[in-house]
Amino acid sequence: MSDFDLVILGGGSGGYACALRSAQLGYSVALIESDKLGGTCLHRGCIPTKALLHAGEIADNTREAGHYGVNAEFHSIVMNGVNSYKDGVVNRLHKGLQGLVKSRNITFVQGYGRLTSPNTVEVDGQKYVGKNVVLATGSYARSLPGLNIDGVRVITSDHALALDYVPSNVIVLGGGVIGCEFASLWKSFGAEVRIIEALPHLVALEDESSSKQLERAFRKRGINFDVGVSFQSASVTDENVTVTLENGKEYLADLLLVAVGRGPVSANLGYEEQGIAMERGYIMVDNKCRTNVPGIWAVGDLIPTLQLAHVGFAEGILVAEEIAGLNPRPINYDGVPRVTYSDPEVASIGLTLAQAKDRGHDVVEMNYDLAGNGKAQILGTAGSVKLIAEKKGPILGIHMVGARVGELLAEAQLIFNWEASANDVAPLIHAHPTLSEAMGEAHMALAGKPLHAHG
């Protein structure tokens, strides 16, 4: 039996961030993971998908090289080459993370852990006892009732990341972040793609104006989609899969990617037996990630907050600092940056227009079109920076569409989280020519002094 200040079950974003911060604060930590350190984000999520998207961007750049006066020809995607590039990125980050965990004297336990008492996690008969137990068991790719994922014709993002060929025709079930990213990269790889989304828009959690711009861009790229219609059934043969929608439409494809969201990994881990309050498989916590059982905490995709790696990091750090008595501020989930890494990217922070109105704000909007931005013209990207603000008050939301706009969130999150107004941002000088000028121009326009925009 081994005693620790913290026993953390799950070595993904939330778990390892909590482990690293706790060790930094002088606590003894056991970190238990049944698979690889780094979890979904590093091995089956953020990192590998973005690597594939970058390969797709290079394919598109090569196809369009003539437009820039560069004599290049696109021949084909070589999937084993793409995959070895992607795996190289993942492996280097994995090695770095293993080194980091080791250097902080964290006890890393590879094995399947279960909660066997409020302060004990058991792995292969070995008990790890903690003054605090942090649950960080993450999420899995969900399916729909009656839809059998066979890993060959009907696949999840896990299978999609390991494909060794480019499908000629794909149906993507789900037009959220994961669905739009895979649709985007497969189109770049040369596949025919169709997205099916039951909600009225793609990336439906974003501001409606961002969704419409993405839909326009996808149409232009030849990515097909049906929105506002539900999936009914799928029938599979050795060669293909036929998808039937509730409106009677039928589509035939090589592959069906099921991207209908992710669910919490919480079954058969001993959580219910210890009396932990749960709803729909999620563990319920307060604003400091405490469960209803003293000494047990939960972070990341296991709790019903935004399922993003950087939210997991923040929650893991929050728990470590709360245990250490540092009394950290609770996370303001409105202030979390969000990105869909499709082409074009969709990035946002703060409230959508609908949310701001629902919360009773007296709202003003400003939309700055990237057509007026020099760097956007150089990159050949269309899109916009949209501001939502309290009349004569702070910025409530920033919503962006265009190439590389995810990088603009660094400034956007400072503006939102520091409750800046347009007048605070307008005098700040942005480097020319950069996409960041679009952020400056939007605030100048909202402050009543547009330079390159029509105010």
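Each value in this text was obtained by applying a stated rule to the coordinates, not by laboratory testing. These numbers come from a predicted model, not from an experiment. As a convention, Cβ positions derive from the backbone with ideal geometry for all residues, glycine included, and neighbour counts pool all protein chains shown.
Here the ratio of the Cα radius of gyration of region 139-260 to 2.2 N^0.38 Å is 0.98.
Reported to two decimal places, what Rg/Rh ratio describes region 76-198 when computed on Cα atoms with Rh from the Kirkwood expression?
Rg/Rh for region 76-198 comes to 1.08.
Quick one, what does Rg over Rh come out to for the chain if you take C-alpha atoms and the Kirkwood Rh?
0.98
Were the residues from D150 through I378 laid out at 0.36 nm apart, the gain over their Cα-Cα distance would be 77.6 nm.
For region 344-446, the convex hull spanned by the alpha carbon atoms encloses 79 Å³ per residue.
Mean shadow of region 255-318, computed from the convex hull of its alpha carbons, in nm²?
Directional mean of the projected Cα hull area for region 255-318 stands at 5.4 nm².
For T242 and E273, a Förster radius of 51 Å and the Cβ-Cβ distance give a FRET efficiency of 0.75, rounded to the nearest 0.05.
Once you reduce region 281-348 and region 119-196 to the center of their Cα atoms, the two points are 21 Å from each other. Ordering 37-49, 237-249, 409-421 by mean Cβ neighbour count within 10 Å, with the highest value first, yields 37-49, 409-421, 237-249.
Residue separation of D362 and F108 scaled by 0.36 nm, minus their Cα-Cα distance, works out to 86.3 nm of gained length. Cα to Cα, under 30 Å, and not fewer than 8 places away if on the same chain: which lysines meet these conditions relative to K131? Here the lysines satisfying the reach criterion relative to K131 are K36, K95, K102, K288.
Note on K392: lysines with a C-alpha under 25 Å away, same-chain residues under 8 apart excluded, are K357, K449. Placing a label point 7 Å from the Cα of H310 along the Cα-to-Cβ direction, the residues of region 424-455 whose backbone N falls under 17 Å of that point are 436, 439. Here the relative contact order of the chain, from alpha carbon pairs under 8 Å that lie six or more residues apart, stands at 15 percent. Taking every Cα-Cα distance in region 381-441 and sorting them into 10 Å bins from zero, the calculated P(r) comes out as 22, 59, 19, 0 percent. Once the C-beta distance of D334 and E407 is scaled by a Förster radius of 22 Å, the resulting FRET efficiency is 0.60 to the nearest 0.05. Annotation: peptides 167-180, 94-107, 386-399, ranked by per-residue average of other Cβ atoms within 10 Å with the highest first, follow the order 167-180, 386-399, 94-107. From least to most packed, judged by other beta carbons within 10 angstrom and beginning with the fewest, I378, I58 follow the order I378, I58.
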